[in-house]
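Asker: Have a look at this one before I ask anything.
The values are calculated or read from the model by the stated rules, or taken from the named source; none is laboratory data. Bear in mind that the values here come from a model prediction, so they are computed numbers and not experimental data. Glycine also receives a Cβ, built like all others from the backbone with ideal geometry; neighbour counts cover every protein chain displayed.
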Amino acid sequence: MIPTLSGRIQTRLFLFVFLGLPITALFAYSHAGWSWDWSQAQIFFLFLLTLLGVGLVLDPVYIFIQSVRWDRDWPFAFQFFFSIVEFGIVVGLMLNNWLPWLPMGGGKGAIELQTVTLHFLSVFIPSFLALLGPLSVFFIRWRFKAGQFGKL
């Protein structure tokens, strides 16, 4: 598939809403000992939103990288690699305390690196697998419309 900027953004938002948010809610629920604690859960939702924001900012860069490739495609290996890069950027910003809404460390309301990594993996793996198969199966024309949903 050769995604357009619009298709890339639509796919990212679709996966965020239909996989990222429910998995994050389940992760926060399990992390709090199978009880709902919004003060603890909001850190996971803020982390996911920050990851979404970084991805949306980098999408035009990805389109530029795609435009200089000879076949102008975007292989799934690139998707895998750049998702990890986005995670690294967010974690780097968190470690340098440049994201005041995401404190990192052991203090009150802070989140630890291994918890963030586990949360990222629990959202990333199902999202990536959905991108490889179910999206193409349930939205047949999604692949042929450069990642845009629109009319089926």
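Asker: For a quick check of your reading of the model, give me the residue pairs whose first member lies in region 85-102 and is within 13 Å of Leu113 (Cα to Cα), whose second is surrounded by 12 or more Cβ atoms within 10 Å (Cβ to Cβ) and among the polar types (S, T, N, Q), with beta-carbon atoms closer than 9 Å and at least 6 apart or on different chains.
Answerer: Phe87/Thr117; Val90/Thr50; Val91/Thr117; Leu93/Thr50; Met94/Thr50; Leu102/Thr50
Asker: To continue, here is another question. Take the conditions within 16 Å of the chain's Cα centre (by Cα) and either surrounded by fewer than 17 Cβ atoms within 10 Å (Cβ to Cβ) or over 19 Å from Val123 (Cβ atoms) (or both) and apply them to Phe64. Does it pass?
Answerer: Here the answer is no, as Phe64 does not meet what is asked.
Asker: Working carefully through the options Leu99, Leu46, find the one that is assigned to a loop (DSSP other than H, G, I, E, B), at pLDDT 90 or above and over 17 Å from Pro3 (Cβ atoms).
Answerer: Checking each option against the conditions leaves just Leu99.
Asker: Please verify whether region 74-87 includes one or more residues that are exposed (fewer than 15 other Cβ atoms within 10 Å of the Cβ), modelled with pLDDT under 95 and assigned to a loop (DSSP other than H, G, I, E, B).
Answerer: The answer is yes, given that some residue of region 74-87 is exposed (fewer than 15 other Cβ atoms within 10 Å of the Cβ), modelled with pLDDT under 95 and assigned to a loop (DSSP other than H, G, I, E, B).
Asker: Confirm whether Ala41 is exposed (fewer than 11 other Cβ atoms within 10 Å of the Cβ), of a type outside the set (Lys, Arg) and not in a loop (DSSP other than H, G, I, E, B).
Answerer: Taking the combined requirement at face value, the residue does not satisfy it.
Asker: Whether any residue in region 6-24 is closer than 17 Å to Ala130 by Cβ and surrounded by fewer than 12 Cβ atoms within 10 Å (Cβ to Cβ) is what I want to check.
Answerer: Scanning region 6-24 turns up at least one residue that is closer than 17 Å to Ala130 by Cβ and surrounded by fewer than 12 Cβ atoms within 10 Å (Cβ to Cβ).
Asker: Moving to a separate point now. Would you be able to say whether some residue in region 143-150 is over 18 Å from Leu13 (Cβ atoms), modelled with pLDDT of 85 or more and not basic (Lys, Arg)?
Answerer: Looking for residues that are over 18 Å from Leu13 (Cβ atoms), modelled with pLDDT of 85 or more and not basic (Lys, Arg), one finds none in region 143-150, hence no.
Asker: Another question, if that's okay. Can you tell me which residue in region 1-34 is farthest from Pro75 (Cα to Cα), limited to those that are of a type in the set (Phe, Trp, Tyr) and within 16 Å of the chain's Cα centre (by Cα)?
Answerer: By that ranking, first place goes to Phe27.
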